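Since the structure comes first, as structure tokens, the remarks are kept for the end.
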Amino acid sequence: MTNQTVLRLPTAALQPITLICTTSAISFADNFLRPRRRRQTGRVQTSQAMIKTTRQAAHICWECRLRIAGGRRKWAHDSRRNDPLAQRASRRELYTSQRHLQTASAAASAPPFRDPALPIDPSLSAKDRLAKWQELFGVPNPDELSAFENHPAHNASDIANTNAAVVPLPSQKTDQLAYDDHHHHYQAEDDLLNLSDGARLDDVMTISLFLKPGDVVELGRAGPSTEPTTAVFVRQLGSTSQYLTLAGRWTVGWLSAVSFVIPGVIDPALLRPIEPYLPTTEDTEALNFSGALQIPRELSTPVTDVLQALKDESEKIYRENATMLDSAYATLADQSRVRIMTITQVAKVLLGRNDPLWSPSPAKLLAVRKSIVRDRYRFVSDVRSARSTNVFSIRPKDDVEAMDVVHGWIREHSEHAALNATSPSHSTLPSGAQHVTNFVEKAHRLILQSRQWRDPLLGHVGPIKSQLPASPGNIYWGEEFTITDQRIISFMHAWAVTSQFRMQGPFHTAATKILELTGLYKELPHKSHTTKGEKNIENGFLFMQEIGVISPHENRTLSDEQLMLPTIRLTRNLELLNTKAELTRRNPDFKDSMAALRHDWQDMNIYCIDNVDAREIDDGISISPVNGVDSQRWVHIHVANPTAFFEKTHVLSALAAHMTETVYTVEGVFPMLPSWVSQNYFSIAPNRPVLTISARIDMTSGEVLERKIRPGVARNVVSMTYSELAIYLGEPGRIRGDRSITQLVVGEVFPGQPTPSRRTISSAQQKELQQLYEVAIARGKRRHARGAFSFTLKWSPEVRTFQPSTGNPQSWSPPSLERARFIRNDPAIEVDAFKVPERLTDEITSAYLVEELMILASAVAGDWCAERSIPVMYKGTIATPGKADKMPLQQFRDDVLSPLILEDRYVTREVAIQYLGSIPSSITHYAPIKHEVLALEASLKVTSPLRRFADMINHWQIEAALRRESQTGQKFNNKDTTTGGQRAILPFSQRQIQESIITLSPRERLIKTTANVSIQFWVILAIARSHYYGQGNFPKTFNVSIIHINRAQNAWLGIATDYGIGVDVMTTTADMFEPGDEWECRIVIINVYKRSIHVEPIRLVRKSGQEKLGDA
């Protein structure tokens, strides 16, 4: 109520009373107004001080009280908005407050005092006094305007102020894997200035990967009891987006906070007048302090009226169709299989009334979305990509009913316990409660048993510490699980392992209740930087390990539902596709659609260079002379050609589309295509089909003088590893590009497979390899001259695991649902960590020969398709809008990189990281877009059709154009009807390519992240075993290079320079760090579940840009 008293001060001033003001009160008012604390965390302390002083200083006149309240407009409005009691303050309470003030003033005996800063005529009425006060003190002050460089108040002495506050975004926190979405793609019209003529500006906007001014969005995640904020996107400023909400207030946030988009609802012309009133900084503290500066109502009303009309219409549609919308799950869900539908498809089923031509309006989409997003368990969407895909996975009814049953059991148990506490006569357990009791008792026994052998750590068990009972093999089998046990285990697995219960409060509470009933998870074994909800889920994962369901080295990354791997139950569709693919294996129906066009490469040496354990060989390289011209060569990149043998509707195509890419993890490889398809038919080998991309190259300048694409047959295939290539080229010590390696070994590592004897190649073959190397160097130099730089900035370690009994790699183990399974030993882990160099060069070595020629293939294929206007999946870059604090890429190259390279032949680690910050965002588009990083006008991934579905799509498009050119004898042009364009010659239309990009791009990012996170998990597991149990050689202290701040955890992000591992540097004094500083640090805590290492600084080793300091 004290907060309300402060907020009511202006209201109290409306009474024509005379108050006494003391000097001490005026001093308080001045001190309170002028310093203007900027830190948001200081608001509560400031308000408390104000309340305390207000109580003590009863002799304060109404003008001073008004001055105090007005001077802290932002605090007052924030407090009122955040305090539900203040919002519900009644008129009676205001009158009561006035009586208290009057009583206090009547008791005052000090003489009247008037502040000369308030020269208001006392004869004026209260209304006139308020107007005069607004004239004097209601304008923005310089501190508030510091975050608004374009605000009209900079050039005007008087401006209307709306007394509104910053609107905080709903929680942007997602699952650990969803993280990582600070690195999103952003959009503004200015981004598109660098696009080639082949991509119209409006077309790029329609990809739905970006936002355009005027797009209506929902901010935050809807839940059973929460509604998202409706707003319109106005513009992008650096890494933050700026919006105007339905309430008429501006707000800012990351693009990841957007959960739904309806494009083009608001005319961008309506938004331009409000842009001067938006912040021009991303500084959080400055924005918190300047929230009182809002947009004048006369400017925001035209926009909010449209938003309100849209919302009103959607609510009307919902009311008229409530029966259908409220029963959406019953209508849409299958009994036993997952259904995948877009929001538009859902709307057609629910509201389309079987009209094939029906199309949903924006209001209908909002109404339908409202009906399904309230239940995040039944309607599953990936929060990392929902904005662009609008795809929902609808859980089978069987799964939902099973979870509801277990939830009912746990509720029965809780209700019975509550009744029994008040009335002991309720001694008979209901059947559901009995199932829970039986399971908890068994789990309690299993956990105590597990802790005899393994310690509980943060969300993970430790390594084996004592011998398990004797049993054959590597597994000790514990108690059996009953059918009811298995149902409860499935419930807990869905909560703690596959994270299915996000924003499902009742389910989350029920799962937590199981942990509480065991009585064994009250305290974590170590301090951690986690919230209570995170701690519960971490304990839930630990619980699943301790009862013997999941393995003690379970990598939860593989249980991400959106991966749709065989590691989770959601992928019934994958099982069906695999069944159909098995029928194809027994009776292959492959027919070569390019047979008539294939060129026989005869005895040409085709060099396939890959790792020794590579399973799929999908590219090879060769070189041939140009008749009569010694300074030129034909370079050929031969690519596996499976798409010539089955169409896009084939079961193998569906299987590849489902997987999207081959997923590489430490535990194993999950191939996009079945291994029998790749290895038996299409992996490059003698007499196998290839699609050959050829370029006639000037050996001196690296210029492409002519390009060809044609299908062929490989005959003479020469296989070798990268190490063999380095030896053949006379660079045996540069296999990994001169990167220094630190090795971390945990456990007993088995000797590797014997290295195959190096095959002997002829002098002619060695000469061809040397010429290919010369081409790669010439191409690299040409790209560098055009702005590309090839720094080795990928520091991801290489990890190998070994089973103790066999020495085989550690593979993934499915959950043990029928019986408790305890593993009697732990895999050995061998980590080759690449040191983060202090100096980096862009020198091309033999390690990059293949990479450079793959880039050449991408460029040739991109230019070839662009010349024919073929819609394919081009790769390009777009500048991030509004990056005022980041130097544009071209300027960074010209002013920083190029001078350093010319003078020193290297750049420092800090400069290289700054370069990364200037790199524009990468996008995929159906028309060519310049790739600034690679310095290519058009780029197209075509070299891995056995591992990437996007490459398969590009191959299908190219092959169709080749067949058409063969038929007509003319160069194909998709825009020219005389050569077959616009007549469905291509298997994918422009619209279909767009839709494929929207679907595939998020999955490609997810799969790439999965591979990196899988490595990170095993490295951190190895470090934890070394640090806590002394099983490895990880040092007690190590050097960390500071990268940037992680405001979410009040930590600085850094890289352990000898290991290339990211760490969180904890400190209470953030000002002690600068990006690029190098500190000696030691570990504070390792959280294996969250894959994080927290360290504390010990000693400054080197300031950014300086040499290392002495030890003294």
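At a glance:
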| item | result |
| --- | --- |
| Options Ile993, Ile997; residue that is under 28 Å from Thr660 (Cα atoms) and either in contact with a His (Cβ under 8 Å, 6 or more places away or on another chain) or small (Gly, Ala, Ser) (or both) | Ile997 |
| So Thr579, is it free of Cβ contacts under 8 Å to residues at least 60 places away in the same chain and either in the same structural domain as Trp634 (by the TED database) or open to solvent by 40 Å² or more (accessible area, probe 1.4 Å) (or both) | yes |
| Residue among Val669, Val704, Val713 that is surrounded by fewer than 21 Cβ atoms within 10 Å (Cβ to Cβ) and either more than 30 Å from Arg868 (Cα to Cα) or outside the structural domain of Phe834 (by the TED database) (or both) | Val669 |
| In the range 1031-1045, residue farthest from Glu1078 (Cα to Cα) [restricted to those that are modelled with pLDDT of 90 or more and open to solvent by 60 Å² or more (accessible area, probe 1.4 Å)] | Gln1031 |
| Residue in the range 571-592 that is over 19 Å from Ser675 (Cα atoms), touching a helix residue (DSSP H, G or I) at 6+ places or on another chain (Cβ under 6 Å) and among the aliphatic types (A, V, I, L, M) present | no |
| Criterion (surrounded by 21 or more Cβ atoms within 10 Å (Cβ to Cβ), within 30 Å of Glu1004 (Cβ to Cβ) and among the small types (Gly, Ala, Ser)) met by exactly one of Ser371, Ser381 | Ser381 |
| Enumeration of residues in the range 623-680 that are among the charged types (D, E, K, R) and in contact (Cβ under 8 Å) with a residue 24 or more places away in the chain | Arg633, Glu647, Lys648, Glu661, Glu667 |
| Subset of the range 1075-1084 [at pLDDT 90 or above and open to solvent by 10 Å² or more (accessible area, probe 1.4 Å)] | Trp1079, Glu1080, Arg1082, Ile1083, Val1084 |
| Sole exception among (1) touching an Asp or Glu at 6+ places or on another chain (Cβ under 7 Å); (2) surrounded by fewer than 18 Cβ atoms within 10 Å (Cβ to Cβ); (3) at pLDDT 75 or above for Gly969, by number | (1) |
| Only listed residue being assigned by the TED database to the domain that holds Ile997, over 23 Å from the mean Cα position of the chain (by Cα) and in a helix (DSSP H, G or I), chosen from Ser944, Ser966 | Ser966 |
| Residue check, Lys513 out of contact with any Gly (no Cβ under 9 Å at 6 or more places or on another chain), closer than 14 Å to Leu542 by Cβ and open to solvent by 10 Å² or more (accessible area, probe 1.4 Å) | no |
| Residues located in the range 989-1017, provided they are of a type in the set (Ser, Thr, Tyr) and part of a helix (DSSP H, G or I) | Ser996, Thr999, Ser1001, Thr1009, Thr1010, Ser1014 |
| Matching residues in the range 620-656 - criterion: being surrounded by fewer than 19 Cβ atoms within 10 Å (Cβ to Cβ) and within 17 Å of Asn954 (Cα to Cα) | Glu647, Lys648, Thr649, His650, Ala654 |
| Unmet requirement for Glu937, which otherwise passes all of (1) open to solvent by 10 Å² or more (accessible area, probe 1.4 Å); (2) at pLDDT below 90 | (2) |
| Residue ID - farthest from Ala510 (Cα to Cα), chosen from residues in the range 401-421 that are open to solvent by less than 20 Å² (accessible area, probe 1.4 Å) and out of contact with any Lys or Arg (no Cβ under 6 Å at 6 or more places or on another chain) | Met403 |
| Filter result for the condition that a residue is open to solvent by less than 30 Å² (accessible area, probe 1.4 Å) and more than 20 Å from Ala595 (Cα to Cα), over Val663, Val677 | Val663 |
| Out of Glu227, Glu275, sole residue that is modelled with pLDDT under 80 and either of a type in the set (Val, Ile, Thr) or surrounded by fewer than 17 Cβ atoms within 10 Å (Cβ to Cβ) (or both) | Glu227 |
| Filter result for Val860 (open to solvent by less than 30 Å² (accessible area, probe 1.4 Å), on the phi < 0 side of the Ramachandran plot, of a type in the set (A, V, I, L, M, F, W, C) and at pLDDT 85 or above) | yes |
| Check on Ile343, under 30 Å from the mean Cα position of the chain (by Cα), within 18 Å of Pro263 (Cα to Cα) and at pLDDT 85 or above | yes |
| The range 1052-1074, residues that are open to solvent by 30 Å² or more (accessible area, probe 1.4 Å) and assigned to a loop (DSSP other than H, G, I, E, B) | Asp1058, Thr1068, Thr1069, Glu1074 |
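The values are calculated or read from the model by the stated rules, or taken from the named source; none is laboratory data. Quick caveat, the model's predicted, so the values are computed rather than measured. With ideal geometry, Cβ positions are generated from the backbone for all residues, glycine too; neighbour counts draw on all protein chains shown. Quick note on the areas: whole protein, heavy atoms, side chains included, nothing else; ligands and nucleic acids left out. Shrake-Rupley method; radii C 1.70, N 1.55, O 1.52, S 1.80 Å.
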